[in-house]
Amino acid sequence: MNTPLSKEMLFTYFSGQATVLQKQLIEEWLGEPGNTERYFEWLQEWENSHPQFLPDVGEAFKNVQALLTEPSANEGNPHAGVTGSPSLPWRNWLRIAAAILLMAGASGYYYRDAILYRHYRTGYAQSRTVQLSDGSRVSLLANSDLKLLRWGFGRIGRDVYLTGEAGFVVTHQVDHQPFTVHTPDQGKVTVLGTEFFVYTRKRGTQVVLSKGKVQISSPEMAVPLDMKPGEKASVATDGKIAIQPLTVTELKDPAVWQEHHFHFDHTTLADASRELNAVFGLKIVVSDPALAARQVTGTFKARQADELLSVLSEMLDMRVLVGNDQVRLVPDSTDTN
């Protein structure tokens, strides 16, 4: 049977005025499935209404270290805590996380994010494969970040947050629990079991579907759109979604969306440069407006930026000048002396 608990009681707890009995009820309530997400929703609501709360974050972490290193005062006391509630490792960590969140307060967003979420990151020109607890596999490409709940992933939902590029092979669950990828532009890609790739950079989001079926949505679209295998969806910066078949080149080479493959389709040199900057961490400068507007189409594979820049220099009749911690692209006829 679920422990009854009101939002007002939690607000009292967040303000540090809860009684011993109220704290015991909250502890029992936190141990029941499904209440974790509600806890953090109400915590966020309380923090937003108390901007004057200024915590001592350093002292908060000292208290948590004491919890981790010192034996619990309740050990060996069968009457301590909540009667009949098993002591589960994840539940103990949840209590510690809740304590940190309470002490971190409104100015502790960074700490709250680090506690609640696990991050998988790649640096420039790096890639890695991540096996999730639900059996799904994620291939992170360069300069990318994948975020998911540290506790509760697969139990209270399968939501992940992607910045950058990644390929997904999603495992279907017996309870048909959806798997949702959230993008920085507030878009969502929701699936049950499939293989797809998500590219999300400053110039928009793209989704390529290999197998299965996905739904893609954005804040500007009232109804999510369905994608079929062999299709590509593009989400513009204004939130509009366009779905179209993959080109012959893309269909012939499924690896185009993996490991340092670059696909340009009438892409200006300015946009292509920004993509190289994002993947390799460069500072590419194209000062000439006519050169910046030139377009490139094709699929390229490059482990290093200079490989691709060399090809582009031949295609666009330009020179690559390196110096002063930047790469300058200039028309071949430009006098640089």
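Screening the candidates Val138, Val170 for the property of being more than 13 Å from the chain's Cα centre (by Cα), over 28 Å from Tyr39 (Cα atoms) and crowded, with 17+ Cβ neighbours inside 10 Å yields one hit, Val170.
This table checks each residue for (1) surrounded by fewer than 16 Cβ atoms within 10 Å (Cβ to Cβ); (2) without any contact (Cβ under 8 Å) to a residue 60 or more places away in the chain; (3) farther than 26 Å from Thr267 by Cα.
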| site | (1), (2), (3) |
| --- | --- |
| Trp151 | no, no, yes |
| Pro184 | yes, yes, no |
| Thr205 | no, yes, no |
| Gly212 | no, yes, yes |
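Within segment 290-307, the residues that satisfy the criterion of being modelled with pLDDT under 85 and either aliphatic (A, V, I, L, M) or open to solvent by less than 60 Å² (accessible area, probe 1.4 Å) (or both) are Gly298, Thr299, Phe300, Ala302, Ala305. Note on segment 161-255: enclosed strands (runs of 3 or more DSSP E) holding 3 or more residues that are under 21 Å from Leu141 (Cα atoms) are 179-182, 188-191, 195-201, 204-211, 231-235. Count of segment 273-289 residues, restricted to those that are surrounded by fewer than 18 Cβ atoms within 10 Å (Cβ to Cβ) and over 17 Å from Leu141 (Cα atoms), is 5. Across segment 140-160, which residue is nearest to Ile241 (Cα to Cα) among those that are part of a loop (DSSP other than H, G, I, E, B) and basic (Lys, Arg)? Restricting to residues being part of a loop (DSSP other than H, G, I, E, B) and basic (Lys, Arg), the top hit is Arg158.
Tell me, yes or no, whether segment 153-163 has at least one residue that is in contact with a helix residue (DSSP H, G or I) (Cβ under 8 Å, 6 or more places away or on another chain) and among the aromatic types (Phe, Trp, Tyr). Looking through segment 153-163, none of the residues is in contact with a helix residue (DSSP H, G or I) (Cβ under 8 Å, 6 or more places away or on another chain) and among the aromatic types (Phe, Trp, Tyr).
The values are calculated or read from the model by the stated rules, or taken from the named source; none is laboratory data. Everything quoted here is computed from the prediction, not taken from an experiment. Reconstructed Cβ throughout: ideal geometry from the backbone, glycine too, with neighbour counts over all protein chains shown. Ligands, DNA and RNA are excluded from the accessible area calculation, which covers all protein heavy atoms including side chains. Shrake-Rupley method; radii C 1.70, N 1.55, O 1.52, S 1.80 Å.
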